[in-house]
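Reviewing the structure listed below.
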């Protein structure tokens, strides 16, 4: 049953695949670090699972609103189609900022899978399917209540969003110059994946830096800052089974670490 539904919505992975292909092309043309296609393969597979999951979640929600006769909270049909795309991108980035902060605060063991790669490139921009918890709250529910006149506008917006989300994980020599104060680039987002404690909990938004600046989480790196990325003691997944089970491994490691600290404190008190 689940596989049948997933197959029905598999086409939703196409915009992500196109965006990722374009991103890999940019990486190869202006690469700062070299990665083979084999290095990228696990990430590509994980990345393409998430749009299908979103496709499974959204239609039942929209059917529920229709059944309950719930009107759109925000009707965008009065806007021109290009403006609809711009508004959708802005709304998505704002929602993503707060979703991202929620994941760090409340479901870190799940979100930590996204932070596990020790090599950043577009194909390693994947999250874990259990992030559907936060995606449902911050994206699926509000975006299912938008009034739109065509499915083409969300698809175009998602194509642009997907490309930029992949691109900010890319180790390329491309930079945005003065625009980097408004638009996220690879250097800005690398800080979010840094293993250095001074960089923790900064640079959450994937597209615009304005949200991080407004809410006090922005950190603009110098040209020389290129920190190591990943999580101490956590290796990135290499297989589907490792990928799906990684949150349990991370949770157990955190639990063991907490117990070790507690035992150390008790010994000091004796």
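One table, with the values for the structure above:
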quantity	calculated
Enumerated helices (runs of 4 or more DSSP H) restricted to segment 56-137, each holding at least 3 residues that are farther than 30 Å from residue 248 by Cα and over 16 Å from the mean Cα position of the chain (by Cα)	81-106
Count of segment 210-238 residues which are surrounded by 13 or more Cβ atoms within 10 Å (Cβ to Cβ) and under 19 Å from residue 171 (Cβ atoms)	10
Segment 88-98: number of residues that are crowded, with 21+ Cβ neighbours inside 10 Å and over 18 Å from residue 147 (Cα atoms)	2
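Here is a yes/no grid of residues against (1) within 20 Å of the chain's Cα centre (by Cα); (2) under 18 Å from residue 103 (Cβ atoms):
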site	(1), (2)
172	yes, no
176	no, no
189	yes, yes
206	yes, yes
219	yes, no
222	no, no
226	no, no
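Throughout, read-outs are computed from the coordinates displayed, never taken from laboratory work. Remember, it's a predicted structure, so these values are computed and weren't measured experimentally. Cβ sites come from the backbone with ideal geometry, for glycine too, and all protein chains shown count toward neighbours.
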